[in-house]
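Here the structure comes first, spelled out in structure tokens, and everything after it is commentary.
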Amino acid sequence: MHIVIYTTNSNKIESNSMSVTCLPCCKDQLKVLTDSYSDCTFTFVIQKPGLFLLDNENDAESDIKNIKYVFVEADKDSVSQIANQIIELKPDIALCMTYWIAPFDWLSIKDSLIGEKLAASGIKTFFHPSLSSLICFDKIQTRNFLMQNGFNCAKSIPVHHELFYAERNHLEIKNNVYKDYIFQKIEELRLPLVVKDTSGLSSYGMDVCKTYAEVKHVLTSKKNNSDRLVEEFLEGPSFGVEIYGSKGNYKISPVLINSVNQFGLTSPKQNVKLGPVTSSKYDISNLCKELKRLAELLGFSGIAQVDLVYSNNKWYIIEINSRLSGMSQTIACSLNKTIHQLLVEAALGNVKTDNPKYIMNMKFPLLTPEKLNKLKNLSFVHYVNQIQNHNAKQIRELGYTEVIFGKTDSLDEIMSQLEVIKENFPDDIEPVFYENAKKIALQL
């Protein structure tokens, strides 16, 4: 069987601006994939940088048996051109490995459009419908979808940017009635409030406001240059979960609990993840039923991810992502798989999500190559990933190191492993991550 896995991009790539170090490397992880599917050949159609599939953009990994790389040329990167390139490869199955990108988290839409063209040509293809990818991308459409279909979500008010500043191009307007409406409806919401971009990545650019005056200041400031969503801040622990499969055959991943920053938000660069969450107080079985209903309505095919808050004894959906997520690698480790195995199994509908092991994902600052290897050589550490931005202008933008460890049968055992890491890296582990790890463990 010939399987094509494609991954696309929408942004310009600055050569040598970023470096990624994975331990084990992509090459070693892909060998696990080919060993698992020894009767299959894989072709990766890559629009650089090709996250999760390539260790080095100059290395085609040509020595891996049953794997071939095809790079999309810079001037042939339209939806139709990429689709035609895949069609020429004559795959038995095609599936996308969509990742995230800033400033617009929209790559799943491009991959969906490619998938639709492949399916129209008769190729068996696993992809999320483009309309569903659009709904997940645009947070206002996400909010409307959740409300219309009876899912718990925070009360909110969408703010249309052009109407909010409609008077700018019309001197005859004395009062902006739309703006009056927005401010009055916002005052009917319960404080505190979150002001978020409708198309951005994760929690970047969000503001948590404790007063209505703060919300008004954010909306009328120069920072407000696009549509916004103003929603009630939900008090309660934060969680993440993934959905695998296609219509009529969905599996729900183990649920992971997330740490939050000083504003009560999950931050990709400061987040600690721990799971699985099994306590009966969280009613996981009912959550899984609702997530399968969500998946059926959106027609997901492959991997999708959902951010949640458990507030006042109810599950609330905060965000839906029709792509891989920052928890995909962690879940894969919990299920004793590589992320590539997880992707293929999700597409083929044979993911087994039972009997997950306890797993933790936490961050370090940038580490030297020696310390990276020392960390990976700890027997219970299963994955280390360092991302470094060589063009960073601020310390917080330099990058970080992600470590995934555990695969234990008990929470106590994984917390003991955390102490071993602290003992071995006393000058590197940041107190905020260590304390957050202990804090979320208590919530389990």
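The values are calculated or read from the model by the stated rules, or taken from the named source; none is laboratory data. Every value quoted in this text rests on a predicted model; they were computed, and no experiment measured them. Using ideal geometry, Cβ is built from the backbone for each residue, glycine included, and neighbour counts are taken over all protein chains shown. The protein model used for the area step is the full one, side chains on, heavy atoms only, and it has no ligands, DNA or RNA in it. Shrake-Rupley method; radii C 1.70, N 1.55, O 1.52, S 1.80 Å.
Probing with 1.4 Å while keeping every protein chain in the model, the per residue accessible area of the chain equals 46 Å². First check a/c for segment 337-444, with a ≥ b ≥ c the square roots of the eigenvalues of its C-alpha gyration tensor; if it is under 1.5, answer rounded, and if not, answer prolate when a/b is larger than b/c or oblate otherwise. Oblate, since a/c reaches 1.5 and b/c is not below a/b. Taking all protein chains together and rolling a 1.4 Å probe, S285 ends up with roughly 80 Å² accessible.
Note on the chain: antiparallel DSSP beta bridges, both residues inside, total approximately 75 percent of the bridges counted.
Checking every one of the GluC sites (Glu not before Pro) in segment 57-137 against DSSP loop status and a limit of 13 other Cβ atoms within 10 Å picks out E73. When you count the other C-beta atoms within 10 angstrom of each residue and take the mean per peptide, 318-329, 208-219, 181-192 line up highest first as 318-329, 208-219, 181-192.
Please say if segment 266-335 is rounded, prolate or oblate, where rounded means a/c under 1.5 for a ≥ b ≥ c the square roots of the C-alpha gyration tensor eigenvalues, and otherwise the choice is prolate for a/b larger than b/c and oblate otherwise? Rounded.
Solvent exposure of D28, expressed as accessible area, is near 80 Å², computed with a probe of 1.4 Å over the protein chains only. For K407, nonlocal amide neighbours, meaning residues 5 or more places apart or on other chains whose placed amide H falls under 5 Å from its own, are Y358, I359, M360.
Sorting V195, V79 by accessible area puts them as V79, V195; the probe is 1.4 Å, largest comes first, and only protein heavy atoms count. Quick one: grab the alpha carbon gyration tensor of segment 256-405, order the square roots of its eigenvalues as a ≥ b ≥ c, and give me rounded if a/c is under 1.5, else prolate or oblate depending on whether a/b is larger than b/c. It is prolate, given that a/c is not under 1.5 and a/b is the larger ratio. FRET efficiency for the pair C40 and A120, taken as 1/(1 + (r/R0)^6) with r the Cβ-Cβ distance and R0 = 30 Å, rounds to 0.80. Taking Cα extents along the principal axes in Å as calculated from this structure, the corresponding entry among [x] 70, 55, 46; [y] 94, 52, 45; [z] 87, 71, 37 is [x].
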